[in-house]
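*Asks:* For reference, the structure I am asking about is given below.
The values are calculated or read from the model by the stated rules, or taken from the named source; none is laboratory data. Here the structure is a predicted model, which means the values were calculated and not measured. Here Cβ is always computed from backbone atoms with ideal geometry, including for glycine, and neighbour counts include all displayed protein chains. Protein only, heavy atoms only, side chains kept; ligands, DNA and RNA dropped before computing areas. Shrake-Rupley method; radii C 1.70, N 1.55, O 1.52, S 1.80 Å.
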Amino acid sequence: MMNLNKIFPWLSIRSKLIIAFTGLSIVPVALVGVHSIFSNVRMMEEIAFENLTHDVHTIREKTSNFLATVESDLRLLKNSSSLQRLVHAYENARNPHTRDLIRQLYSDLLSFAKTKGIYYQIRIVSEEGDELFRVEDSIAAASTHSYRIVDSSEFRQARETYYFLLARNLKPDEIAFAPAELVDPHHERGPVISFVLPLFGAEKRTGILIANVYAKDLFGVIESGRHLSVTGRVVLVSDEGYYLYHSEKKKDWNKLLASREEDNLRRDYPKEIVATLLSGNEGTVSEGIDEIISFAPLFSTHGAIAGGASPGFTVPLYVFESISKDVILGPAKSFTWKFAGALLLFLATAIGLGLLATQQFTKPISALQRGAEIIAKGNYGHRLQVETHDEIEKLAFQFNLMAASLESHEREIEHHRTRLEEMVRLRTRELTEEKSKLQAILDNVPSAFVLLDREFRIQTASAAFTAVTRFDLDEVRGKDCQVVFCGSGFCQHCVCREAVQTGSIVSHVDRTGDGSGGERFIEHIAVPMKEDGQITSILEIITDITKRKRLEQHIIQTEKLMAAGEMSAIIAHGFRNALTSIKMILQLQSESKRLNRTSRKSLSVALDSIYHMERVVTELLSFARPSPMGFRLEHLNRIIDEGIAFVQPHLGSHHIVLTKELDSKLPTMLLDGPHLREAVVNVLLNAVQAFGSRTTKSGNRRISVITRRIRMRKTLRDFAYTESSESPSSEGGREIVLGKGTPCALIEISDTGPGIDRNVLSRIFDPFFTTKANGTGLGLPMVRRTVNAHGGIVTVSSGRGKGTAFRIVLPRRDALPHEFVGSTDGVGDVSSSRSMSEGGS
């Protein structure tokens, strides 16, 4: 059921009642009227369809009969004895102007034309285009006919191309026709329909028979017998859409013919309508146009004339009659306007009566509304005075009782409000104190607490925000945290969005720069804040854990190195004595003269293995108990040259080309020559062994050694393990820092070898880690130990198939710094395969 309150919530009671009264009176009348209008329109369209269809059938039948008559006349003339004798004589090259034949043919044609009365001209033209005979109406414009035999002097010679084009493809029994205009002897134009029939002899075509029929006779046939009394449009068209007859353009026949390319069916109607009209079917159409059209082919689909005869015409014709919808539906439209006016008048009357009737309801209701507004403003002492002696008066009485009750409750509420305000003041003071305490705690915590809203906009933050994030709170307040933090590189992953998606606490550690070439580790913890199960805000806790990260790495590496050193010492001491005893026994045995050649060769192999094991034990002891460092002023390039000279034999045996580029301006530095030379040799031997035993062109096996002076563009950090109890680090190590701008010497050793896998690169400085079958895994850790002992840092970069480059950075010093004094007896390895923050020249 329709609910006016939902449809028109802003309407008053009076308006709703008027709408109801008006609807009850108007809707039935409107429904009946609309039904009547639509019924009349349908009925008028059906009547129009029936009348148009009847007219089209009548026109088609009469037009078909007219054309059948013309066809019959032409066949009669063709088959006449006089014309047949003439054609036979002309075919046999006899004189076609024989007096008797001409006189007989003229007599027959003249009698025929007078009898029929529809022909303007009857002509016979030879195959050469010369006119042979002509009978025509001498007074074409008159209502009566006066036929004459045209003298041979007026004949047209070789000027009948138009007719021969029509007859070009005609068979013996076929007839072609087309509309035309002819000029009579008085130089007046007359519309005609030209019919052409070929004349054949026994062997070939000898000429054509032309009959020009008055177009007005065809027009009269088409226009007679129409059923509709209103003005419609009757059209006869060819299959190409050209008008042969148009009831609105019959007076301009010459224009109709001359402008048929511009004025035709395809120009006047849409393509779909044209296709329907020329489809060869019968029917009616009115959709998509403002007319009602009934159409049919002049000949049936089987080629028969409507009367049933078989035509010889080669041109398909279509007839249709149309009438404007405005003409048919005019009375219905007039009735519609009259009905609409009457309906509006009836509507105005109903509204006027509704206003008078509803006033008896709305006046007391308005009084109730005004009273409710007064009480709503707080005047509970107001009372209503309504005397209608019906339900509205009872409602007013109940309204007054409600007002009295509200007045009583208002006094009680005022009392409670006073007490509540006092309680709120006390609670507010307590909350303010608690907030101050909480803010003091947050401001003194080194972590930054950031509060975000549901759209990830920064609302507020603790005092540590600027120190941790290096952003000013006032500048980023109200901005998206991802735009502020991730956009500047402060974080690479938005934990707040992940926390909202998962609904749980999410943490993440980002590695970023500290602005001076170093690195920082920042921990982000996102805590979704929920109310009634819905996330309303996010608390992000940001902590700088750089020191903690470094300490963790230092502790792990220190423990690894201490364990490796202890294990090395135990293994070395345990094996050295046993190896010495075995070596002495084998040496004594090898001096015996009773050994055969095979036994002596086996003892030699055993001794070589013992010597190899002694070298391994020596390396273990060197790693576990390194010899003290001895610093003195040295030339770095000389130490490099000595190391290159040591590995030169290995280069030749492996077909390796070594190039060097040493900075001649490097000053003397405080160095431990033997240890540093051993480190350089270890790196060079690693590069040689990386090429393996493959025989390749020497141009593809290269090692490059470069030294140069640099100043640090970034801060490099490393951690060195030391066993000295005098070390200032309580963790058994110390941090090595090469600050930005520190003057240093760079040693870069690179090769074009196969490179190091990424997963192996991070472990190459771990003790005992090796990828070689006979390696100990102590060479590179000892290199790092020596470099760290000089206060330097070694880094490595490599990639599979891209070669490897070691970069040793040594501070340029001519005296030991304070932290090296007393700690040169053993400097251990660093914490990882890469320095804590890679830097370079």
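*Asks:* How do the helices (runs of 4 or more DSSP H) wholly within segment 450-550 filter down when requiring 2 or more residues that are in contact with a Pro (Cβ under 9 Å, 6 or more places away or on another chain), open to solvent by less than 20 Å² (accessible area, probe 1.4 Å) and not aromatic (Phe, Trp, Tyr): which remain?
*Replies:* Correct list: 495-502.
*Asks:* Further question: Spot the failing condition for THR659; the list is (1) within 20 Å of LEU780 (Cβ to Cβ); (2) in a strand (DSSP E or B), and only one is missed.
*Replies:* That leaves (1) as the condition not met.
*Asks:* Here's something else I'd like to know. Output yes when any residue across segment 202-209 is at pLDDT 80 or above, of a type in the set (Ser, Thr, Tyr) and more than 22 Å from LYS116 (Cα to Cα), and no when none is.
*Replies:* Within segment 202-209, one or more residues are at pLDDT 80 or above, of a type in the set (Ser, Thr, Tyr) and more than 22 Å from LYS116 (Cα to Cα).
*Asks:* So LEU662 ticks every box in (1) touching a Leu at 6+ places or on another chain (Cβ under 9 Å); (2) crowded, with 19+ Cβ neighbours inside 10 Å; (3) closer than 15 Å to SER750 by Cβ; (4) not β-branched (Val, Ile, Thr) but one. Which box is left unticked?
*Replies:* In the conditions (1) touching a Leu at 6+ places or on another chain (Cβ under 9 Å); (2) crowded, with 19+ Cβ neighbours inside 10 Å; (3) closer than 15 Å to SER750 by Cβ; (4) not β-branched (Val, Ile, Thr), LEU662 misses (2) alone.
This table checks each residue for (1) more than 30 Å from SER324 (Cα to Cα); (2) touching a strand residue (DSSP E or B) at 6+ places or on another chain (Cβ under 7 Å).
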| residue | (1), (2) |
| --- | --- |
| GLU50 | no, no |
| ARG60 | no, yes |
| GLU91 | yes, yes |
| ASP100 | yes, no |
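*Asks:* Follow-up question, since we're still on this one. State whether the residues of segment 495-509 include one that is of a type in the set (A, V, I, L, M, F, W, C) and touching a Ser or Thr at 6+ places or on another chain (Cβ under 8 Å).
*Replies:* Within segment 495-509 (the criterion being of a type in the set (A, V, I, L, M, F, W, C) and touching a Ser or Thr at 6+ places or on another chain (Cβ under 8 Å)), the answer is yes, since at least one residue qualifies.
*Asks:* Is it the case that VAL70 is modelled with pLDDT of 75 or more and under 53 Å from the mean Cα position of the chain (by Cα)?
*Replies:* Judged against the criteria, VAL70 is not a match.
*Asks:* Between residues in segment 405-425 that are under 16 Å from HIS382 (Cβ atoms) and residues that are acidic (Asp, Glu) and open to solvent by 80 Å² or more (accessible area, probe 1.4 Å), which pairs lie under 6 Å by C-beta distance while being six or more apart or on different chains?
*Replies:* Pairs found: none.
*Asks:* Exactly one of (1) small (Gly, Ala, Ser); (2) farther than 18 Å from ILE293 by Cα; (3) at pLDDT 75 or above is unmet by ALA48. Its number?
*Replies:* Only one criterion in (1) small (Gly, Ala, Ser); (2) farther than 18 Å from ILE293 by Cα; (3) at pLDDT 75 or above is unmet by ALA48, namely (2).
*Asks:* Next up: For the subset of segment 433-468 comprising residues that are touching an Asp or Glu at 6+ places or on another chain (Cβ under 9 Å) and of a type in the set (S, T, N, Q), which member is farthest from GLY513 (Cα to Cα)?
*Replies:* Among those residues, the one meeting the criterion is GLN459.
*Asks:* Moving on to the next point. Would you be able to say whether some residue in segment 256-273 is modelled with pLDDT under 75, farther than 30 Å from SER36 by Cα, of a type in the set (Lys, Arg) and open to solvent by 50 Å² or more (accessible area, probe 1.4 Å)?
*Replies:* Yes, that holds for at least one residue.
*Asks:* Now, a different point. Among the residues that make up segment 156-173, is at least one of them touching a helix residue (DSSP H, G or I) at 6+ places or on another chain (Cβ under 8 Å) and of a type in the set (A, V, I, L, M)?
*Replies:* Taking every residue of segment 156-173 in turn, none turns out to be touching a helix residue (DSSP H, G or I) at 6+ places or on another chain (Cβ under 8 Å) and of a type in the set (A, V, I, L, M).
Conditions (1) over 30 Å from PHE133 (Cβ atoms); (2) in contact (Cβ under 8 Å) with a residue 24 or more places away in the chain; (3) under 60 Å from the mean Cα position of the chain (by Cα); (4) open to solvent by 60 Å² or more (accessible area, probe 1.4 Å), marked per residue:
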| site | (1), (2), (3), (4) |
| --- | --- |
| ASN51 | yes, yes, yes, no |
| ASP55 | yes, yes, yes, no |
| ARG60 | yes, yes, yes, no |
| THR63 | no, yes, no, no |
| ARG75 | no, yes, no, yes |
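*Asks:* Is there any pair with a first residue in segment 369-389 that is within 16 Å of LEU401 (Cβ to Cβ) and a second that is assigned to a helix (DSSP H, G or I) and among the β-branched types (Val, Ile, Thr) whose Cβ atoms are under 7 Å apart and which are 6 or more apart or on different chains, and what are they?
*Replies:* HIS382/ILE374; HIS382/ILE375; VAL386/ILE392
*Asks:* Is it the case that ARG701 is modelled with pLDDT of 85 or more and over 25 Å from LYS802 (Cβ atoms)?
*Replies:* Judged against the criteria, ARG701 is not a match.
*Asks:* Scan segment 370-385 and give yes if some residue there is part of a helix (DSSP H, G or I) and farther than 26 Å from GLU410 by Cβ, otherwise no.
*Replies:* no
*Asks:* While we're here: Going through segment 367-402 one residue at a time, which ones are open to solvent by less than 90 Å² (accessible area, probe 1.4 Å) and under 60 Å from the mean Cα position of the chain (by Cα)?
*Replies:* The answer is ALA372, ALA376.
*Asks:* Given (1) open to solvent by 80 Å² or more (accessible area, probe 1.4 Å); (2) of a type outside the set (Lys, Arg); (3) modelled with pLDDT under 80; (4) assigned to a helix (DSSP H, G or I), where does VAL617 come up short, assuming only one miss?
*Replies:* Of the numbered conditions (1) open to solvent by 80 Å² or more (accessible area, probe 1.4 Å); (2) of a type outside the set (Lys, Arg); (3) modelled with pLDDT under 80; (4) assigned to a helix (DSSP H, G or I), the odd one out for VAL617 is (1).
*Asks:* Might you check whether a residue that is open to solvent by less than 40 Å² (accessible area, probe 1.4 Å), in a helix (DSSP H, G or I) and in contact (Cβ under 8 Å) with a residue 40 or more places away in the chain occurs anywhere in segment 94-104?
*Replies:* no
*Asks:* If you don't mind, there's one more thing I want to ask. Where in segment 141-200 are there strands (runs of 3 or more DSSP E), lying fully within it, with 2 or more residues that are modelled with pLDDT under 80 and either open to solvent by less than 10 Å² (accessible area, probe 1.4 Å) or on the phi < 0 side of the Ramachandran plot (or both)?
*Replies:* Ranges flagged: 176-183, 189-200.
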